[in-house]
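All remarks here apply to the structure that follows.
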Amino acid sequence: MNPAYLASGGWIASAVGTAAALGVADHLGSGPKTAAELAALTGSSEYALARMMRLLCVAGVFEETADARFANTADAEVLRADHPRSMRHFCMLAAGDYQRIFQEMSHTVATGEPASRTVLGGSLYTFLSRTPESGAIYDGAMEDLARPVGKVLAKSRDFSAIDTVVDVGGGSGALLKGLLTAVPHLRGICVDRPDVCARAAQSLVASGSALGDRLEFRAGDFFESVPPGQPLYLLKNVLHNWGDERCVDLLRTVCAAMASRPTARLLVIEPLAESPMPAMYKALDELMQVVISEPGVAARSEAAFRALIERAGLRVLSVQTLASGHALFDTAPQE
Ligand SMILES: C[S@@+](CC[C@H](N)C(=O)[O-])C[C@H]1O[C@@H](n2cnc3c(N)ncnc32)[C@H](O)[C@@H]1O
């Protein structure tokens, strides 16, 4: 593609993020709309919104009908909040706070240090704790990524002998919601930072979800402690964000929580460096790790994960590839 168009790609990202935030695809879900109708529904300037929509039509997200209305293409469907594979919040995160950080990518390329530190004035999670609007978008983005994996996990093994699952760093509980919906006798405890748990618990009550009495949010620092003595622990896409030493600290905390129950298991669910993910996903994710995550984070192979798990006092019982493409390490305390 013409590099001048690619260099303007951030404009397209901003248009996608703005359309996602305004809920344009949701409004178009009931049928094509004129720019004036969309502007009225979203409280926008008709003139500016029409130009943004035209760019997104050229990019293939929306399309213009013969009678000058805008409509969703198949690709726009995942911008809808109610789509089962919704990526609406991920698009808002990628085009918002992440894009702000990526604008300083030259700092990362020059030094190898994450630009997030300089742009956010500290670590990502400290920033998110202090900025609730950004925190809520980040939680929603993680939910978008985790939502499809709950069902896949439910099909991957037999949960009949387990009553409670603890998801460590489980965000707003998307993985547990999928798993608990598919396995009705299970209870879930989701451990995350206090602001994440407060938002998630409030939204679970507000939604009137049938999972309200089976899913509990427990605020805590997973480097300090996690609820002890439970039969099954999950750690999904968490190690991905931390350097080796912090990963071993975290795995040791979970291992300590398992000590009073020798049959306890920890399932580590992570993408592998060698996983057959689409090339664009892989390249973006690997760049995200150096620009945004903690210093020294890189994609890990199966052997690298095994080494971390074993250093923390756990042993790997098996490794399987989930339908989502993630590797699932089934682990238990070393004897
Ligand atoms: C990359 S997200 C993964 C979320 C979820 N497991 C998933 O797969 O969607 C990492 C999660 O770790 C949480 N987290 C980061 N530091 C934490 C800490 N010290 N204690 C507890 N949770 C933490 C974040 O708030 C976030 O929800």
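Since every read-out is calculated from the coordinates, none of them should be taken as a lab result. Worth saying up front: this structure is predicted, and the values here are computed from it rather than measured. FYI the Cβ positions are ideal-geometry reconstructions off the backbone, even for glycines, and counts take in every protein chain you see.
Here are a few things to note about the model shown:
- On full extension, the segment bounded by ALA198 and MET280 gains 26.1 nm, given 0.36 nm per residue less the C-alpha separation.
- Of the peptides 78-85, 17-24, the order by per-residue mean of other Cβ atoms within 10 Å, starting with the highest, comes out as 17-24, 78-85.
- The gain in end-to-end length when the ARG315 to TYR125 segment is fully stretched comes to 65.4 nm, 0.36 nm per residue minus the alpha carbon separation.
- Using 0.36 nm per residue and subtracting the Cα-Cα separation, the extra length available between ASP158 and GLU133 on full extension is 5.1 nm.
- Relative contact order computed over the range 146-333 (Cα-Cα under 8 Å; 6+ residues apart), in percent: 20
- Given charges at beta-carbon only (K, R positive; D, E negative), |dipole| of the chain in Debye: 400
- Tensor-based shape of the range 52-179 (alpha-carbon gyration tensor, a/c under 1.5 rounded, otherwise prolate or oblate): oblate
- With the simple model of a label 7 Å out from the Cα in the direction of the Cβ, ALA81 to ALA21 spans 1.5 nm.
- Calculated FRET efficiency for the pair ALA66/ASP244, C-beta based, R₀ 51 Å, to 0.05: 0.30
- Dividing the summed helix terms, -39500 (n - 2.57) for each DSSP H run of n ≥ 4, by the number of residues in the chain produces a 222 nm estimate of -14500 deg cm²/dmol to the nearest 500.
- For the chain: rounded, prolate or oblate by the Cα gyration tensor [a/c cutoff 1.5]: prolate
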